[in-house]
Amino acid sequence: MHELLNKGWSYTTESLDECAHRYSRFGSELYQRMAATLPECFAALRYFRADDYQTEDSFAVCEIDHPFAIQLDPDCEVICLWDSQRHVEIGIWSPDPYAEAFDFIRRHFLIHAA
């Protein structure tokens with residue numbers, strides 16, 4: 001488990017294929033779009049499934065110099081992004097949740113790697 005994931009929860013690591021097969025609701029295109037938009041982040045993703053709580057959600061950790069976590073929540077229809085200092089939820093109210101998520105990643109997580 002990664003230190004950015006919820007404390008006290010247990011997770012199972014899964015492959016991108018397992019994640020894509022299991023998760024197909026809101027935000028499900030995030031990882032594929034990240035491959036084209038932020039390939040350095042996509043290449044550093046590790047995928048997780050929660051074992052006890054929010055088991056339908058998708059979790060990932062981007063293990064770059066400044067690591068950050070992703071949660072795709074189908075019930076609230078949000079993409080959550082966080083590190084040890086900040087947290088944002090981007091949802092159906094956004095005109096383009098994917099673009100907003102990638103912009104947030106660039107502004108808050110990738111700038112630290114430069």
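Fewest Cβ neighbours within 10 Å first, please rank C76, C62 accordingly.
Listing C76, C62 from fewest to most nearby Cβ atoms yields C76, C62.
Looking at the range 1-73, which GluC sites (Glu not before Pro) are in a loop (DSSP not H, G, I, E or B) and have at most 10 other Cβ atoms within 10 Å?
Sites meeting the loop and neighbour criteria: E3.
Once amide H atoms are built 1.01 Å from N in the peptide plane, which residues 5 or more positions from H66, or in another chain, come under 5 Å H to H?
none
Out of I79, L30, I111, whose Cα points farthest toward the positive end of the dipole of the range 11-113 (charges: +1 Lys, Arg; -1 Asp, Glu; placed on Cβ)?
I111
Just want to confirm a number: the relative contact order over the range 48-90, from Cα pairs under 8 angstrom separated by 6+ residues, in percent.
Worked out over the range 48-90, it gives 24 percent.
Loop-only trypsin sites (Lys or Arg not before Pro) in the range 14-74, please: DSSP not H, G, I, E or B, and at most 13 other Cβ atoms within 10 Å.
Loop-located and lightly packed - R25.
Residue by residue, what Karplus-based ³J(HN,Hα) values in Hz, rounded to whole numbers, does the range 75-81 have, using 6.51, -1.76 and 1.60 with θ = phi - 60° and x for Gly and Pro?
Once θ is set to phi - 60°, the couplings for the range 75-81 become 6, 8, 6, 9, 9, 9, 10 Hz.
The range 46-100: which chymotrypsin sites (Phe, Trp or Tyr not before Pro) are DSSP loop and have at most 14 other beta-carbon atoms within 10 angstrom?
Y53, W93
Could you give me the ³J(HN,Hα) list for the range 11-21, computed from phi with Karplus coefficients 6.51, -1.76, 1.60 and θ = phi - 60°, whole Hz, x at Gly and Pro?
Coupling constants for the range 11-21: 10, 10, 6, 9, 7, 4, 4, 5, 4, 5, 6 Hz.
Taking the alpha carbon gyration tensor of the chain, what are the square roots of 5 times its eigenvalues, largest first, to the nearest whole Å?
Values for the chain, descending: 19, 17, 14 Å.
Can you run phi through the Karplus equation (6.51, -1.76, 1.60; θ = phi - 60°) for the range 32-45 and list ³J(HN,Hα) in whole Hz, with x for Gly and Pro?
Couplings: 5, 5, 5, 4, 8, 8, 10, x, 5, 6, 4, 5, 9, 7 Hz.
Read-outs throughout are calculated quantities, based only on the coordinates presented, and are distinct from any laboratory measurement. In this text the structure is predicted, and so the values were computed from the model without any measurement. Don't worry about glycine lacking a Cβ; one is built from the backbone with ideal geometry, like all the others, and counts go over all protein chains shown.
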